[in-house]
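Since the structure comes first, as structure tokens, the remarks are kept for the end.
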Amino acid sequence: MFQQLVPLHEDAILGLMAKFRADASPDKVDLGVGVFRDLSGNTPVLASVRRAEHSMLAAQTTKTYVAPAGRAEFNDAVGELVLGTAHPALSANRVRVVQAPGGCGALRLGAELIKTARPEAIVHLSDPTWGNHAPLLGNCGLALASYPYYDAAAHRLRYAQMLEALERATPGDVVLLHACCHNPTGADLEPAQWRELTDLLQRRRLLPFLDLAYQGFGEGLEADVAGLRDLASALPEALIAVSFSKNLGVYRERLGALIFIGESSAQVDAIRTHVLQIARGIYSMPPDHAAAIAAHIFADPDLRTSWVTELEAMRRRIVDMRSQLAIALNERTGGAEFDFLRRQHGMFSQLGCSPEAVARLRERHHIYMLGDSRMNLAGLMPDKLPYVADSIASVLRN
Ligand SMILES: Cc1ncc(COP(=O)(O)O)c(C=O)c1O
């Protein structure tokens, strides 16, 4: 059976992590791995999560199965957190939510649903996009295409080209959009651009599939989903893959959800039966641990306030690093080129330099980022910032 299987190339991020671990330099800086780090370099368990976890465990009397859809009270709270309590699709009972194993699980569930409903649909991904989108959405057999999104060297969106490409998509196709904090570019659409895109999707009868992995990391819990909410109220159908890995800091516990919006409550009920059958055929049921914690946090006003405060502190830390790095790089390069870091959102931005410059940063200065020059701003510490800025400026000079 397995004789013909040759080893695959090492995953780029795992390879980078191994190189970083093996680097003995005291100066080394990891801007590669995509997790939030606090000022001590830790990826902390949030205090609100810890408190909720303690009371959840104390009250737990059984570990029997929950359900293929996960925890009902978690799903209800997610619908309201993402769409807002007064969203017209919620009031019209046109929304259903199914818990999933992380954002990845939700993306895969959505892909399998599209494959069931319309196997010939092409899924259009932004160029560039997060490296896991293609396998998560393409491995179930759906065809993928890409639309221009961002020019890393010029530090700006390729918005006109994006619209042109999407105008040419076939009605019934799917457009994957990052709801906020685009990974890897940090470049999000402006409100007016969301509105124009919504019109295009409606006119061309394209299905939006929104990936929401960083709600609260950009401008705030509400502002980060403003474009998504408007789009979801204008269009008859939408899919949203939600991840709580980052904003609740529960990465390894695997917590996410797939939200689907349809034309009527009967239609979303029908979709739900398919989603549950797909889940049964892949993993049967999602893990409950973090869902129980999250449901507790969302329902308890006190815990919820602490979580929102902690989330805001994580967001501020990223915003601070963005602005300090922009200032430091502008000073060293004598211009305003790096202002883009301040305009962009979330943990990631691309420096916009060549793969060779990225290699020089790693080899000469022990600074690690992905080959496409994606840096995790939440991996940067204030005491290392002058060193990182000096190193980047020197590598960009030669
Ligand atoms: C853009 C994007 N979508 C989805 C995810 C899903 O993450 P998880 O499956 O860990 O919840 C991530 C995580 O890095 C991401 O960056």
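The values are calculated or read from the model by the stated rules, or taken from the named source; none is laboratory data. In this text the structure is predicted, and so the values were computed from the model without any measurement. Don't worry about glycine lacking a Cβ; one is built from the backbone with ideal geometry, like all the others, and counts go over all protein chains shown. Note: areas computed on protein heavy atoms with side chains; ligands, DNA, RNA excluded. Shrake-Rupley method; radii C 1.70, N 1.55, O 1.52, S 1.80 Å.
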| field | Pairwise label distance in nanometres, ALA22 with GLU337, each label 7 Å out on the Cα-Cβ vector | value | 3.2 nm
| Considering only protein heavy atoms, what per residue accessible area in square angstrom results for region 315-398 with a 1.4 angstrom probe? | 39 Å²
| Förster radius 56 Å - calculated FRET efficiency between GLU120 and ALA313, Cβ distance, rounded to 0.05 | 0.75
| Taking the Cα atoms of region 94-220, what is the range of coordinates along each of the three principal axes, in descending order and whole Å? | 38, 32, 30
| request: Can you figure out the FRET efficiency of SER265 with ALA153, using R₀ = 51 Å and their beta-carbon distance, to the nearest 0.05? | output: 0.60
| task | For region 49-154, state which trypsin sites (Lys or Arg not before Pro) are in a DSSP loop and have at most 11 other beta carbons lying within 10 Å of their beta carbon. | result | LYS63
| query | Using 7 Å Cα-to-Cβ label points, what is the ALA234/ALA72 separation (nm, one decimal)? | reply | 3.6 nm
| said: Net charge within 13 Å of LEU200 by Cβ-Cβ distance, Lys/Arg positive one each and Asp/Glu negative one each, not counting LEU200 itself? | reply: 0
| remark: Extension length gain for LEU39 and LEU5 (0.36 nm per residue less Cα distance), in nm, is 7.9 nm
| Nearest 10 degrees, 0 to 90: what angle lies between the long axis of helix 102-117 and the longest principal axis of the chain (Cα atoms)? | 50 degrees
| query | If one computes the Cα centroid of region 108-136 and of region 32-52, what distance in Å separates the two points? | reply | 30 Å
| field | Folded to 0 to 90 degrees: helix 265-282 orientation relative to the chain principal axis, Cα | value | 60 degrees
| request: Give, to the nearest whole percent, the P(r) tail of the chain beyond 29 angstrom, counting all Cα pairs. | output: 45 percent
| query | Most mobile of GLY335, GLY186, GLY371 per a Gaussian network model of the chain (Cα springs, under 10 Å)? | reply | GLY335
| Can you tell which of ALA92, VAL45, ALA393 lies farthest toward the positive end of the dipole of the chain, using +1 and -1 charges on the Cβ of basic and acidic side chains (Lys, Arg; Asp, Glu)? | VAL45
| request: State the extension gain, in nm to one decimal, for the chain segment bounded by ALA226 and SER323, taking 0.36 nm per residue of separation less the distance between their alpha-carbons. | output: 32.6 nm
| message | Quick check on the chain: of the DSSP beta bridges with both residues there, what percent are antiparallel, nearest 5%? | response | 45 percent
| message | If R₀ is 51 angstrom, what is the calculated FRET efficiency for the pair LEU200 and ALA47, using the beta carbon separation as r and rounding to 0.05? | response | 0.75
| Which of the chymotrypsin sites (Phe, Trp or Tyr not before Pro) across region 1-78 are loop residues per DSSP, with 10 or fewer other Cβ within 10 Å? | PHE2, TYR65
| said: If the elastic network links every pair of Cα atoms under 10 Å, which of MET314, MET369, MET56 fluctuates the most in the Gaussian network model of the chain? | reply: MET56
| note | Counting lysine pairs in the chain that sit 8 or more positions apart or on different chains, with Cα atoms under 27 Å apart, gives 7
| note | Placing each pseudo-label 7 Å from Cα in the direction of the beta carbon, ALA92 and TYR387 end up separated by a distance in nanometres of 5.6 nm
| task | Please work out the Kirkwood hydrodynamic radius for region 256-398, using every pair of different C-alpha atoms, and report it in angstroms with one decimal place. | result | 18.9 Å
| request: Note the full-extension length gain between ASN398 and ALA145 as 0.36 nm times their separation in residues minus their Cα-Cα distance, in nm to one decimal. | output: 87.5 nm
| said: If you average the alpha carbon positions of region 271-302 and of region 219-244, how far apart do those two centres end up, in angstrom? | reply: 19 Å
| remark: If every Lys and Arg gets +1 and every Asp and Glu gets -1 at its Cβ, then about the Cα centre the chain yields a dipole, in debye to the nearest 20, of 520 debye
| field | Share of carbon and sulfur in the accessible heavy-atom surface of region 182-276 [1.4 Å probe, %] | value | 46 percent
| query | Of ARG252, ARG158, which has the most accessible area and how do the rest follow, probe 1.4 Å? | reply | ARG252, ARG158
| query | Considering only region 91-167, what is the antiparallel percent among its DSSP beta bridges, to the nearest 5? | reply | 25 percent
